[in-house]
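So the structure is just underneath, and the comments pick up after that.
The values are calculated or read from the model by the stated rules, or taken from the named source; none is laboratory data. In this text, all values refer to a predicted model and were calculated from it rather than measured experimentally. In this analysis, Cβ positions are derived from the backbone assuming ideal geometry, glycine residues included, and neighbour counts consider all displayed protein chains.
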Amino acid sequence: MNVLVYLIPMALGLGLLGLFGFLWALRSGQYSDVDGAALRVLSDDDIEPPKPAP
Amino acid sequence: MPEAVDLSLFARPSGDGTLGMDLAVEGIACGACIGRIESAVKRLPGVTEARLNFTNRRLHVNWTDGAIAPAQILQTLEEAGYHGYPFAPLRAEEEEATEARRLTRSLAVAGFAAMNIMLLSVSVWAGNATDITPETRDFFHWASALIALPAAAYAGRPFFSNAWQALRAGALNMDVPISLGVILALGMSAVETANHARDAYYDSAVMLLFFLLVGRALDHAMRRKTRAVAGNLAALKAETAHRFTGDELISVPAAGLHAGDRLLVKPGERVPADGSVLGGVSELDESLITGETARRKVGAGATIYAGSMNYSGALTMRVTAADRATLLDEIERLLEKAASAKSHAMRLADRAARFYAPMVHLTAALTFVGWWLAGASLHDAVVTAIAVLIITCPCALALAIPAVQVVASGALFRAGVILNAGDAIERLGEADTVIFDKTGTLTLPEPRVVYAAAIDPELLQMAARLALSSRHPLAVALARESASYIPYDVVTEEPGQGVRATLGGIQARLGSAAFCGFAPAAAGEPGESHICFVYGSRAATIAISQKLRPDAVEVVQALRGRGLDLHILSGDRADAVRPVAERLGITQWLGELKPAEKIARIEALKAQGRRVLMVGDGLNDAPALAAAHVSLSPIAAADVTRAQADAVFLGERLAPVLDAIRIASRARVLMKENLWFAAIYNMIAVPIAIAGAITPLIAALAMSGSSMMVTLNALRGGKAS
């Protein structure tokens, strides 16, 4: 069972990575506009329009 | 009317040489609007950032100081087909945002810890049943302690600080047994782990925190959402004033006015601040302030109040904010008194906590004493007593009420009711008497055409479309009947008399009786005004008056059907109240009441043990709203009144009042069911704990099982009707 001595800290480390990922996302405002984020992905703002929109 | 707009009040420096402004944007219909709005605003010179928050319909713009005038942003939005309303974010809203982030962080930490500890705990339980070695078990326990102790210290802060505050104030709230339970469970587990014991309760403590944080975070998110909607509505309703700067007229937000400012109030606009008339003659509709529907004639020297509607002529006025108008003074004094009397109403959760918390502590103490006297070792007696504390830890109890509140406020939100106060649901559910104000509450806030059916529809449509060209309040009321939103091409307005146009070669006139060549109309029903229309040889006199909300009769009937006692208390004249009361079948009504008299009526009802729901919109209702057990306001109400109400309802219909009462009384039933459920759970679990038969597995199952039950029960409150 000695394998547990490093397997469990490893599992915890991976979990912590997820936790910090979430905290980082929270701090950088990724949860402040959840409805908007779902729609922004559909916009083609990276494609140059042929002429300036009216 | 090209008039300079001064919005500097809303622009705030962002620190890096740019200015920032927040706008509530109206007219956002779909996802494509995000790109359209942002790219339009970004094309302005000097704009460094434009970010639209689709969730709460707000646009944040940053620009280099001096590059553009803030008004240009509004104009750009206007050209793109949207309306922007600048607003200064309330400090309360910012504090809530910080609090929400803190709760979410705590929730994330507690969730992480609960999952990992449970993983370790399940291994220990499985191992205890089979062949785990004591060394491995100790290792698992220490690993759990390593996760649980820091996680609880971090995630438990919202509870610990609340409990500490309550204790310092010499009170007990639900957070006291929660904190005590968590701290004792962790402390005991740490000691047991050091003694190589078989069982530890880390998972119970952290799971308890996680469940409670879920309830609290949900509650907070719902309140923040309604607050954001309310903030947007306030920005949409914010009035602008026309201020003279020298001889030039500048449009400024009413919030930026100072005493001594000279303003122009055009016909059809509301008076933006208290003050005195310098010049001009007009009639003011003060129904929002006093409830009185008859108009008051004012001339130079007259005192006028913010919120009055200017009917006929342009007025110049001077703002006198420094010495407040006597009416507002009186209302504020009454408000303070009424609000201080209200804090006695105690929340269901606090009442439960006051009863529950001493019980928990007493039971645990008795368990300890009992086992010790029965000859158990000190260690066993302490362990059993702590197990009692853990098992009675009001996990279900603390979720029982917030869970219902979240679900019910969601249902209220969908019904068009926005809560101002968190505990309003409980108090709404208790109401047994409903008092309505008349003007603007039972009737629509704006006057409407009455007896429309008696007028030739073709003629009415023509008159209504012609009315689109005038700003006169009667014309504005008539224009609401128009099917078309396009005014006629060439329309001439004769100030103070009416409008005329040539339609199909025939002259049409809309305005006063004299303007249309009529004999002056005889006075009709009280509160009714007349506007005349001639088209060639055809003519009509159109009556305009306060009109009942379209569903008022049915809603009042349904309320009576629920066994509620209905009253009307109005500041309007008795002969204006009588027809409304008769229409609705409300026999208990009073007119010509002053704010203090309304309070006296409410106090009299309260003295009889009634729980009064006050529904009102006028400034004169604000103290009565504060005095009542619970209060509702339509969104069109005066600012002070809206701020005082426990909840605000949207739209033209009265149905939200009925929905609010229905949802709230259902929620109250669910809350009580949940409290009973929690009590029954305790009745079963506590004897087991006192008997010393609780294992960590049973504790975990009982805790999550009971939390699940009350949450599922709460969800029943969200179902339609």
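Tabulated values for the structure
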| read-out | value |
| --- | --- |
| Exclusive hit being within 14 Å of another protein chain (Cβ to nearest Cβ) and of a type in the set (A, V, I, L, M, F, W, C), set B:80, B:88 | B:80 |
| Enumeration of residues in segment B:570-580 that are within 21 Å of residue B:551 (Cβ to Cβ) and without any contact (Cβ under 8 Å) to a residue 60 or more places away in the chain | B:579 |
| Some residue of segment B:621-630 being assigned by TED's automatic domain parsing to the domain that holds residue B:427 and either among the polar types (S, T, N, Q) or more than 30 Å from residue B:235 (Cα to Cα) (or both) | no |
| Segment A:18-37 residues that are over 16 Å from residue B:58 (Cβ atoms) and more than 7 Å from chain B (Cβ to nearest Cβ), paired with ones that are at pLDDT below 85 and surrounded by 15 or more Cβ atoms within 10 Å (Cβ to Cβ) (beta carbon under 9 Å, 6 or more apart) | A:25/A:31 |
| Among the residues listed as A:36, A:29, the single one being on the phi > 0 side of the Ramachandran plot, surrounded by 10 or more Cβ atoms within 10 Å (Cβ to Cβ) and modelled with pLDDT of 80 or more | A:29 |
| Of the criteria (1) buried (at least 18 other Cβ atoms within 10 Å of the Cβ); (2) within 19 Å of residue B:400 (Cα to Cα); (3) at pLDDT below 85; (4) not basic (Lys, Arg), which one residue B:199 fails | (2) |
| Residue in segment B:105-116 that is touching a residue at least 60 places away in the same chain (Cβ under 8 Å), more than 14 Å from chain A (Cβ to nearest Cβ) and touching a helix residue (DSSP H, G or I) at 6+ places or on another chain (Cβ under 6 Å) present | no |
| Residue within segment B:540-562 that is part of a strand (DSSP E or B) and free of Cβ contacts under 8 Å to residues at least 40 places away in the same chain present | yes |
| Within segment B:253-268, considering residues that are touching a Lys or Arg at 6+ places or on another chain (Cβ under 8 Å) and over 17 Å from residue B:6 (Cβ atoms), the one surrounded by the fewest Cβ atoms within 10 Å (Cβ to Cβ) | B:266 |
| Every residue from segment A:3-17 that is more than 10 Å from chain B (Cβ to nearest Cβ) and farther than 24 Å from residue B:107 by Cβ | A:3, A:6, A:7, A:10 |
| Sole residue being over 30 Å from residue B:109 (Cα atoms) and surrounded by fewer than 19 Cβ atoms within 10 Å (Cβ to Cβ), chosen from B:280, B:231, B:275 | B:280 |
| Lone qualifier among B:510, B:478 - being touching a Gly at 6+ places or on another chain (Cβ under 7 Å), buried (at least 20 other Cβ atoms within 10 Å of the Cβ) and within 20 Å of residue B:313 (Cβ to Cβ) | B:510 |
| Residue match in segment B:447-459 (condition: among the small types (Gly, Ala, Ser), in the same structural domain as residue B:555 (by TED's automatic domain parsing) and touching a helix residue (DSSP H, G or I) at 6+ places or on another chain (Cβ under 7 Å)) | no |
| Top-ranked residue in segment B:38-58 [being within 11 Å of chain A (Cβ to nearest Cβ) and of a type in the set (A, V, I, L, M, F, W, C); ranked as farthest from residue B:7 (Cα to Cα)] | B:54 |
